[in-house]
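Read the structure below first, then the notes.
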Amino acid sequence: PVLNNLLNSGTALNPFERSTIYQMLGQSYNDTDNTSMALRSFQNAIDAGGLLPNEVDSIKVIVAQLMIVNGQYREGAEALERYLREGGQKKPSYVELLVQAWVEAEDYRRSLPWAEEWSNTANPKERKHFDLLNFLYNNLGMPGKQADIVKQMIQKWPEDNTLWNSWASMLGNGGREQDAIEVNKML
């Protein structure tokens, strides 16, 4: 209430002061899980015009993250993509957040380039990277790419029978029934 009273008191506040108060309000609302008011306050901090460019960038990322955490996957991902298009710093954590947001929004086509980038830059590459690409290629009807990723997975985890079953299924669905039978015999 104190910060809101200060904003509404009629006291002449300069843009920096207004932006600072809105940032404090945004953090306070976020701390109490009032995401909608936190989002509004952070946007007001930007709109007040008293922030440096790097501060505006930080708040844009915070807003995108809050949207995603709040279940506004599409809106948050679009906000984060806009930040990156406008020259914002691309961090690996932002790429991973975009992957997750687009998958949660069930927009696999939008998730795919981010997922490929996330996987390609991972060091070391973990099972989750392969599993995600396998999932996306399957859901996007990209059997060639899916087969490539499953082959890579079999090389890394040859003891995983589910991978071999997936491979046999892909062979069978691709008209290579005899090869599928041979894979099943190996199992």
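Think of the stretch 35-91 as a dipole: +1 on every Lys or Arg Cβ, -1 on every Asp or Glu Cβ, centred on the Cα centre; then among G50, S36, Y73, Y73 lies furthest on the positive end. Using a probe of 1.4 angstrom and keeping all protein chains present, the accessible surface of the stretch 1-40 works out to 65 square angstrom per residue. Packing order of peptides 55-61, 156-162, 112-118, highest average first: 112-118, 55-61, 156-162 (average count of other Cβ atoms within 10 Å over each peptide's residues). The listed residues Y137, Y73 rank as Y73, Y137 when sorted by accessible area, largest first, using a 1.4 Å probe. The computed mean projected area of the Cα convex hull in nm² for the structure shown corresponds, within (i) 12.9; (ii) 9.6; (iii) 10.2, to (i).
In the context of the full set of protein chains, the stretch 46-135 has a per residue accessible area of 54 Å² (1.4 Å probe).
Rounded to the nearest 10 degrees, the angle from helix 53-69 to the longest Cα principal axis of the chain is 60 degrees.
All other residues whose Cβ lies under 13 angstrom from that of D57 are scored, Lys and Arg at +1 and Asp and Glu at -1, for a net of +3. Alpha carbon centre of the stretch 21-94 versus the stretch 96-126: separation in Å? Taking the Cα centre of the stretch 96-126 as reference, the centre of the stretch 21-94 is 21 Å away. All other residues whose Cβ lies under 15 angstrom from that of S9 are scored, Lys and Arg at +1 and Asp and Glu at -1, for a net of 0. At the residue level, S36 shows approximately 70 square angstrom of accessible surface with a 1.4 angstrom probe and all protein chains present.
Relative contact order, whole percent, for the chain stands at 10, derived from Cα pairs under 8 Å and 6 or more residues apart.
Think of it as helices only: each DSSP H run of n ≥ 4 in the chain is worth -39500 (n - 2.57), and spread over all residues that comes to -24500 deg cm²/dmol at 222 nm.
The peptide list 42-50, 84-92, put in order of mean Cβ contacts within 10 Å with the highest first, becomes 42-50, 84-92. Here the chain is treated with +1 on each Lys and Arg Cβ and -1 on each Asp and Glu Cβ, and its dipole about the Cα centre works out to around 220 debye.
The values are calculated or read from the model by the stated rules, or taken from the named source; none is laboratory data. Owing to the predicted nature of the structure, the values given are computational and were not obtained by experimental measurement. Cβ sites come from the backbone with ideal geometry, for glycine too, and all protein chains shown count toward neighbours. The accessibility values were calculated without ligands, DNA or RNA, using every heavy atom of the protein model including side chains. Shrake-Rupley method; radii C 1.70, N 1.55, O 1.52, S 1.80 Å.
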